[in-house]
Amino acid sequence: MQESYGYLNKIDKDPSNLIKGLQAVQATEGYVSDVSIIAVADYFSLPAVEVEGVLSFYAQFKRTKPGEYHICVCDGTACHIKGSTLILDWVSTELGITDGETDENGLFSLETVACLGCCSLAPVLSINGKVYGNLDRKGTVKILKEYRNK
Ligand code: FES
């Protein structure tokens, strides 16, 4: 196993701990890369295809490296009713990426999520955990420009 995956050594090598191992990779790397799949498979003595199968089953695991600014567009019920699909369209158009993608500069990544817990501000999005609410097109584009120019 590569030294950079030494943090896995805190987890028992029993294959029943595979999910814990993948969670550790994601917590450390921000996503689970192809290289990480091989390292995890090696660590738990499992075929890489089996690790990939588990990864694809659980939505919690990201396969794409997040951008410097990770945008979560809320599509919970309150936000959906107030136009979250429009927010997603505006962000996608402005950044040239769709749900689950990272832009080619690695600056922005985009994800649709369930309720962010601030429904009274619907529709909302968050960027690296900072929440922006009561969004309209102008406000959404303005926020993205601010991050682009940081
Ligand atoms: S539904 Fe979007 S914050 Fe609750």
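Every read-out reported here was derived from the displayed coordinates using simple, explicitly stated rules and does not represent laboratory data. Keep in mind it's a predicted model, so treat the numbers as computed, not measured. Ideal geometry is used to build each Cβ from the backbone, glycine not excepted, and the neighbour counts take in all protein chains shown.
So, with +1 on the Cβ of K and R and -1 on the Cβ of D and E, and no other charges, what is the size of the charge dipole of the chain about its Cα centre, to the nearest 20 debye? All intermediate terms of the calculation are to be shown ahead of the outcome.
Working: 14 positive and 19 negative charges, 137 e Å.
I would put it at about 660 debye.
Report, in deg cm²/dmol and to the nearest 500, the calculated mean residue ellipticity at 222 nm for the chain, where each DSSP H run with n ≥ 4 adds -39500 (n - 2.57) and the sum is divided by the residue count.
On the way: 6 runs with 62 residues, N = 150.
Helix-only estimate at 222 nm: -12500 deg cm²/dmol.
As a test of understanding, state the convex hull volume per residue of the range 3-57 from its alpha carbons, in Å³.
Values: hull volume 3.9 nm³, N = 55.
Each residue corresponds to 71 Å³ of Cα convex hull volume.
Beyond a 22 Å Cα-Cα separation, which of these cross-linked pairs lie in this structure: K65/K150; K82/K130; K62/K142; K20/K130; K82/K150; K20/K62?
Table pairs above 22 Å Cα-Cα are K62/K142; K20/K130; K82/K150.
Could you work out the relative contact order of the chain? I mean the mean sequence separation of Cα pairs under 8 Å and 6+ apart, divided by the number of residues, in percent. Don't jump to the answer; show the numbers that get you there.
On the way: 211 pairs, mean separation 29.9, N = 150.
Value for the chain: 20 percent.
Kindly express, to the nearest 10 degrees and within the range 0 to 90, the angle between helix 34-44's C-alpha long axis and the longest C-alpha principal axis of the chain.
40 degrees
May I have the convex hull volume per residue, in Å³, for the Cα set of the chain? Mind dumping the intermediate values first?
Details: hull volume 18.6 nm³, N = 150.
It comes to 124 Å³ per residue, whole-number rounded.
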